[in-house]
Amino acid sequence: MTTAKSPLAYLKWALIVTVIGLFLSAWLGWETEGTVGGVLSFLLIGTVLAALEIALSFDNAIVNANKLEDMTPEWQRRFLTWGILIAVFGMRIVFPLLIVTVFAWLSPIEALRLALVAPEQYSHIMHQSHSSIAAFGGTFLMMVSLTFFVDEDKSVDWLKGLEHRLRKCGSVRGFEIALVLVIVIVISRFLPDYKQQTFLFSAIMGLLVFTLVDGLGTYLDNSNKAMMNAGAKGGFGAFMYLEVLDASFSFDGVIGAFALTSNIILIAIGLGIGAMYVRSMTIMLVEKGTLQHFRYLEHGAFYSIFALALIMFMQSLWHVPEMITGGVGVMMIGLALFSSIRHNRREEQQLTGS
């Protein structure tokens, strides 16, 4: 007879990475500043970065869990091992270097040298490219959320009036694409002329990437019925979808991190710690069947994604504090959790006749 794992058991590896990460943060502070104050400062920034990543990515864990439930056990393991390595090292280290490479017309080696030797200049280039990143990531995430709500096969509604109307709109071909394009065009009208073209191009690229990844995943998953190795192919489609989704979630955290520090190594450590907690939460949600027990939790996550997409668009116009960005997501999910618990209690009362 197997005993149920406690929540702490799911956090084992996240806690181990936290200890190692904070030790490295302290060591980096000593090597960089050479003072106790520097050590404490780097420790504090590393902790805040980890907390920022967790707050911004909790809805990511819920969506990951939802997609993982449809994957084969083999591809679940691959995502939770290789996928998390790609998320931590690819998005938290390689992605910021790639941005500087593209926007500053530098080689990857020169971008790395700039990050290590001239972090202030590196941070400046990152912030200059924020509008393009926000347009791409915001478009992708908005398509993710709207695709969930306009699904005509969705049978459970949380905000019934709104979600029922959105489901009816799902019968209109391309409704979600048209809605996203309208929002993008409206936002672009408030941007300076020299930013509008780049913003619109980045948004269209986000829309294109979503269409390609979503289409690829659907095609490979549908191959289940016709191919011997369909399980692996279907799993690969979902794997690719989750990787691009994680990338979109990471944009805001990576850019926001540079408001706290321009040290790319410290950013990678702090966000990497947070990413491990997201992984642990994903595993716990899948193994405990939390999404089935709390019926509106998934809805809260997708509302949170839609809000995050809007905030990313708004950040092209003015700065939105990361605490607000993370707080909106936590609030949405908290309300959905409360509604789920209340629904479960009502059902229990009906069953008991009380």
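The values are calculated or read from the model by the stated rules, or taken from the named source; none is laboratory data. None of these values were measured; they are calculated from a predicted model. Heads up, the Cβs are rebuilt from the backbone with ideal geometry, glycines too, and the neighbour counts pull from every protein chain shown.
Being aliphatic (A, V, I, L, M), in contact with a Gly (Cβ under 9 Å, 6 or more places away or on another chain) and at pLDDT 80 or above is a description that does not apply to Leu297.
Yes or no, residue by residue, for (1) closer than 30 Å to Gln292 by Cβ; (2) under 24 Å from the mean Cα position of the chain (by Cα); (3) among the charged types (D, E, K, R):
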site: Gly29; (1), (2), (3): no, no, no
site: Thr32; (1), (2), (3): no, no, no
site: Gly46; (1), (2), (3): no, yes, no
site: Ala51; (1), (2), (3): yes, yes, no
site: Asp70; (1), (2), (3): yes, yes, yes
site: Trp82; (1), (2), (3): yes, yes, no
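Here Ser262, Ser339, Ser316 are screened, and the one residue that is more than 23 Å from Met142 (Cα to Cα) and outside any helix (DSSP H, G or I) is Ser262. The residue list Leu85, Leu98, Leu146, Leu80 contains one member that is surrounded by fewer than 18 Cβ atoms within 10 Å (Cβ to Cβ), touching a residue at least 40 places away in the same chain (Cβ under 8 Å) and in a helix (DSSP H, G or I), which is Leu80.
Summed over the range 321-342, the residues that are surrounded by 18 or more Cβ atoms within 10 Å (Cβ to Cβ) and within 30 Å of Pro192 (Cβ to Cβ) give a count of 5.
One residue alone among Ala247, Ala275, Ala259, Ala268 is modelled with pLDDT under 80, closer than 22 Å to Ala14 by Cα and small (Gly, Ala, Ser), and that residue is Ala247. Taken residue by residue, the range 69-77 has at least one member that is under 21 Å from Thr282 (Cα atoms), out of contact with any Asp or Glu (no Cβ under 9 Å at 6 or more places or on another chain), not hydrophobic (A, V, I, L, M, F, W, C) and not in a helix (DSSP H, G or I).
Residues that are surrounded by fewer than 16 Cβ atoms within 10 Å (Cβ to Cβ) and not small (Gly, Ala, Ser) were ranked within the range 178-189; the one that is farthest from Met142 (Cα to Cα) is Arg189. Just a yes or no: is a residue in the range 152-162 part of a helix (DSSP H, G or I) and either at pLDDT below 85 or farther than 19 Å from Ile305 by Cβ (or both)? Scanning the range 152-162, I find at least one residue that is part of a helix (DSSP H, G or I) and either at pLDDT below 85 or farther than 19 Å from Ile305 by Cβ (or both), so the answer is yes.
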